[in-house]
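Novice: Below is a structure I'd like to ask you about.
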Amino acid sequence: MSGPVVVALDVGGTGMKCALVRPDGTVLHEERHPTLAARGPEAVTANILEIAAGLANRAENPIAVGIAVPGVIDEENGVAVWSSNVGFRDVPLRKLLTDRLGLPAALGHDVRVGGLAEARLGAGRGQRYVLFVAIGTGIAAALVVDGSTYGGAHGAAGELGHIVVRPGGTPCGCGARGCLEAETSARSIGRRYAEISGKSGATAFDVVARLDQDPAARQVWHEAIDALADGLLTAQALYDVDVLVLGGGLAEAGEALLEPLRNELKKRLTFHRMPRIVKAELGDTAGCKGAALLALDHLEKA
Ligand SMILES: [Zn+2]
């Protein structure tokens with residue numbers, strides 16, 4: 001494994017994707033590990049450091065380490081400020097990684113680094129203004145302008161899932177009602193279908209698979225797309241992007257999602273320009289690739 005590589009980790013609530021990534025984005029080696037969130041943040045941190053050190057040992061020429069974490073991230077200071085599903089509270093991950101591995105490190109937000117990778121290497125490449133929207137259990141977005149992400153003053157930009165699209169609507173995990181995420185995430189689509197059809201246990205994917213033969217599935221899907229179009233209308237009014245890249249589990253529905261969504265967004269736009277709406281290309285390696293890009297960007301700045 002000659003040539004410089006970046007050690008990259010994408011930490012989720014249940015699992016971690018880990019990789020050695022070349023500066024051009026090629027993944028040379030991949031590993032998956034459980035996050036062990038139930039054992040508490042200290043155990044998770046120890047686990048991360050151990051795995052990162054193992055990857056660095058495996059590489060002949062590791063030049064940096066990049067790590068992506070969910071929640072509120074202070075990228076500038078390399079601190080995982082708050083993450084409900086991993087349990088982090090003010091964990092100085094960047095310093096811990098640098099101390100352990102002796103390599104420069106960068107810490108990023110999982111969706112923002114995913115967006116960075118899609119904008120530079122994936123479905124948004126060649127475009128200056130890209131909004132990446134990840135729709136899975138929750139919904140979050142990342143604005144990428146000229147290949148750089150926008151994190152906000154407190155590391156919390158891009159929380160598109162908590163734009164209220166149905167005032168007084170479905171209760172959201174954040175405490176508000178009618179948030180985009182409460183109305184149209186993969187989880188809420190499954191829940192809504194169970195409510196209407198009386199069939200419990202169906203996922204958003206089952207809903208998509210039943211569109212042809214099940215009126216309840218069609219109703220739920222259309223409601224979800226309406227809510228999503230309302231949310232994206234707000235996003236486009238704020239950001240005026242060239243391209244909207246949809247990722248996360250729900251984007252796997254492909255044209256069953258994209259085509260009606262384009263139509264609904266088009267109907268709602270008045271003077272704003274219609275962005276292209278496309279499916280993400282990098283799949284679940286986007287986080288590792290983006291973490292690697294972030295680490296390389298930090299090297300350049302240093
Ligand atoms: Zn909310």
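The values are calculated or read from the model by the stated rules, or taken from the named source; none is laboratory data. Since we're looking at a predicted model, the values are computed, not measured. Cβ: placed from backbone, ideal geometry, glycine included. Neighbour counts: every protein chain shown. With ligands, DNA and RNA removed, areas are computed over all heavy atoms of the protein, side chains included. Shrake-Rupley method; radii C 1.70, N 1.55, O 1.52, S 1.80 Å.
Novice: Let me confirm something: among ARG100, ARG125, ARG94, ARG112, which residue is within 29 Å of THR184 (Cα to Cα), among the basic types (Lys, Arg) and open to solvent by 10 Å² or more (accessible area, probe 1.4 Å)?
Specialist: Of ARG100, ARG125, ARG94, ARG112, the one residue that is within 29 Å of THR184 (Cα to Cα), among the basic types (Lys, Arg) and open to solvent by 10 Å² or more (accessible area, probe 1.4 Å) is ARG125.
Novice: For segment 189-233, name all the residues that are polar (S, T, N, Q) and either under 20 Å from GLU255 (Cα atoms) or in contact with a strand residue (DSSP E or B) (Cβ under 7 Å, 6 or more places away or on another chain) (or both). Give the derivation first.
Specialist: Looking only at segment 189-233, we keep the residues that are polar (S, T, N, Q), and these are 197, 200, 203, 213, 219.
Across segment 189-233, the qualifying residues are THR203, GLN213, GLN219.
Novice: Here is a follow-up. Suppose we filter segment 66-91 for residues that are under 17 Å from LEU49 (Cβ atoms), open to solvent by 10 Å² or more (accessible area, probe 1.4 Å) and aromatic (Phe, Trp, Tyr); how many remain?
Specialist: Of the residues in segment 66-91, 0 are under 17 Å from LEU49 (Cβ atoms), open to solvent by 10 Å² or more (accessible area, probe 1.4 Å) and aromatic (Phe, Trp, Tyr).
Novice: Pick out the one residue from GLY190, GLY198 that is open to solvent by 50 Å² or more (accessible area, probe 1.4 Å), away from the ligand (no atom under 13 Å from the Cβ) and closer than 20 Å to ALA217 by Cα.
Specialist: Checking each option against the conditions leaves just GLY198.
Novice: Sticking with this structure for a sec: Can ALA140 be described as without any contact (Cβ under 8 Å) to a residue 40 or more places away in the chain, in contact with an Asp or Glu (Cβ under 8 Å, 6 or more places away or on another chain) and open to solvent by less than 20 Å² (accessible area, probe 1.4 Å)?
Specialist: Judged against the criteria, ALA140 is a match.
Novice: Just to check your reading of the model, which residue among GLY78, GLY12, GLY71 is within 21 Å of the chain's Cα centre (by Cα) and within 16 Å of PRO104 (Cα to Cα)?
Specialist: Sole residue among the options that is within 21 Å of the chain's Cα centre (by Cα) and within 16 Å of PRO104 (Cα to Cα): GLY78.
Novice: Further question: When you scan segment 38-56, do you find a residue that is in contact with a Phe, Trp or Tyr (Cβ under 6 Å, 6 or more places away or on another chain) and either open to solvent by 10 Å² or more (accessible area, probe 1.4 Å) or assigned to a strand (DSSP E or B) (or both), even just one? Give the steps one after another, and end with the answer.
Specialist: Our first condition is that a residue be in contact with a Phe, Trp or Tyr (Cβ under 6 Å, 6 or more places away or on another chain); within segment 38-56, this holds for 41.
Now restrict to residues that are either open to solvent by 10 Å² or more (accessible area, probe 1.4 Å) or assigned to a strand (DSSP E or B) (or both): 41.
Yes, the conditions are met somewhere in segment 38-56.
Novice: Which pairs have Cβ atoms under 8 Å, sit 6 or more apart or on different chains, and link a residue in segment 149-167 that is free of Cβ contacts under 8 Å to residues at least 60 places away in the same chain to one that is within 10 Å of the ligand (Cβ to nearest atom) and open to solvent by 50 Å² or more (accessible area, probe 1.4 Å)?
Specialist: HIS162/CYS174; VAL164/ARG177; PRO167/ARG177
Novice: For the condition hydrophobic (A, V, I, L, M, F, W, C) and without any contact (Cβ under 8 Å) to a residue 40 or more places away in the chain, what is the one hit in LEU258, LEU244, LEU250?
Specialist: Going through LEU258, LEU244, LEU250 in turn, just one is hydrophobic (A, V, I, L, M, F, W, C) and without any contact (Cβ under 8 Å) to a residue 40 or more places away in the chain: LEU258.
Novice: Among the residues of segment 164-179, is any more than 16 Å from the ligand (Cβ to nearest atom), at pLDDT below 95, open to solvent by 70 Å² or more (accessible area, probe 1.4 Å) and not polar (S, T, N, Q)? Don't jump to the end; show me each part of the working.
Specialist: Just the residues of segment 164-179 that are more than 16 Å from the ligand (Cβ to nearest atom), to begin with: none.
No, segment 164-179 contains no residue that is more than 16 Å from the ligand (Cβ to nearest atom), at pLDDT below 95, open to solvent by 70 Å² or more (accessible area, probe 1.4 Å) and not polar (S, T, N, Q).
Novice: Please name all residue pairs, on different chains or six or more residues apart, with Cβ atoms under 7 Å, provided the first residue is in segment 1-21 and is basic (Lys, Arg) and the second residue is crowded, with 24+ Cβ neighbours inside 10 Å.
Specialist: Pairs found: LYS17/ASP10; LYS17/GLY287; LYS17/CYS288.
Novice: Does segment 201-214 hold any residues that are part of a helix (DSSP H, G or I) and open to solvent by 80 Å² or more (accessible area, probe 1.4 Å), and which are they? Before the answer, list the steps.
Specialist: We begin by selecting, within segment 201-214, every residue part of a helix (DSSP H, G or I); these are 204-209.
Within segment 201-214, PHE205 is the sole residue that qualifies.
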